[in-house]
Amino acid sequence: MSNIASAIKAAEAALDKGDYNFCIKIIDPLLLDFQAETEIGGKLRLIIITAYMGKGDEQQAINICQSLIH
């Protein structure tokens, strides 16, 4: 399993446990390495949006969503 696949698996596990801050800590640094237009970049953004929504930070989730449509 690649490093990115391991990171995604760990982030998804953190989401499942409700550990949104840990999920964000895993995914956030990877966003610079993967453009939103790529499959991995899109998946990373969906995961982090879900984490922000889970922790109640709707504005940050909205900001990421808006960046995807511009």
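Nothing in this text is a laboratory measurement; each read-out follows from the coordinates by a stated rule. This structure is a prediction, so every number in the text was calculated from the model and none was measured. Note that we place each Cβ from the backbone using ideal geometry, even for glycine, and neighbour counts take in every protein chain shown.
Loop-resident GluC sites (Glu not before Pro) (DSSP state other than H, G, I, E or B) in region 22-70 with no more than 14 further Cβ atoms inside 10 Å of their Cβ: Glu37. Label positions at Glu58 and Asn21, each projected 7 Å from the Cα along the C-beta direction, are separated by 2.3 nm. The three principal axes of the Cα atoms in the chain give end-to-end lengths of 33, 26, 15 Å, sorted in falling order.
Within the straight-line cut-off of under 18 Å between alpha carbons, the aspartates and glutamates reachable from Lys9 are Asp19, Asp28, Asp33, Glu39, sequence neighbours fewer than 8 places apart in one chain being disregarded. In the chain, the DSSP-assigned H stretches of four residues or longer account for a calculated mean residue ellipticity at 222 nm of -22500 deg cm²/dmol, using -39500 (n - 2.57) per stretch and the full residue count as denominator.
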